[in-house]
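Undergrad: Below is one structure. I have some questions about it.
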Amino acid sequence: MNPRFRFVVPLAACLVLGGTLLWALRDVSSAPSPEMSAAVPSSSSPAVPEPSRSGPSPSASSGAVANLAPTASQELAAREEPPPESGEESLPPQENDPIEPEKPQTAAWRHEKLVHITGLLDRDVERMEGERQAAQARGDDAEARRLAVQISRHRARLGSLREETAVMAEAARQEEQAR
């Protein structure tokens, strides 16, 4: 991998995220606040003539942006939840339960796990057989072929699991006799 990608991809992601954040803030600041909407007269009876759109003065536009910025931050502050008043901070820290030691991975344990996995895979093969028959019944040959391939792969894995299970069963018997 080219080392430049280590820097370019995260940088691009940050730029996209920053642009999205700025876009969202711009949308929040351009939305009229409840105070502003109450002060603005309805559109059916304009009481104040609107300024011409040909060229507002730069000082007027910067003043409008400056007036909107505090209201946007006030809206964001109002949306934040207040801190919990239930007194959770005053409670002492809770002690965690002790971590149980890992069980030894004996041959008997591995045998049990292999038997469990084999049972799950057997059920999966049976379910896929039913799905394959249903796909053939409705005439979906592509799905039936896909399921047939999966079933053959699962059956191959089942064969190797059964061999492993037999080996582990023998090892578990020998381990039990050694005790």
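Undergrad: Just how large is the dipole of region 105-178 about the Cα centre, in debye to the nearest 20, putting +1 at every Lys and Arg Cβ and -1 at every Asp and Glu Cβ? Can you show the working numbers first?
TA: Working: 13 positive and 14 negative charges, 45 e Å.
Result for region 105-178 is approximately 220 debye, rounded to the nearest 20.
Undergrad: Run the quick spin-label model on Ala137 and Glu164: label points 7 Å from Cα toward the beta carbon, then report their separation in nm to one decimal.
TA: 3.4
Undergrad: When the chain is fully extended, how far beyond the present Cα-Cα distance does Asp97 get from Arg155, taking 0.36 nm per residue of separation? Provide the component values of the computation, followed by the final result.
TA: Working: separation 58, 0.36 × 58 = 20.88 nm, distance 4.26 nm.
That pair, Asp97 and Arg155, stretches by 16.6 nm at full extension.
Undergrad: Sticking with the crude label model, points 7 Å out along Cα→Cβ, report the distance from Phe7 to Met128 in nm, one decimal please.
TA: The two pseudo-label positions are separated by 4.8 nm.
Undergrad: Right, something else. Tell me which of Ala142, Thr118, Ala172 sits at the most positive position along the dipole axis of region 105-178, charges placed on C-beta atoms (Lys, Arg +1; Asp, Glu -1).
TA: Result: Ala142, furthest along the dipole toward the positive end.
No value in this document is a laboratory result; all are computed from the given coordinates. Remember, it's a predicted structure, so these values are computed and weren't measured experimentally. Cβ coordinates were reconstructed from backbone atoms using ideal geometry, including for glycine residues, and neighbour counts include every protein chain displayed.
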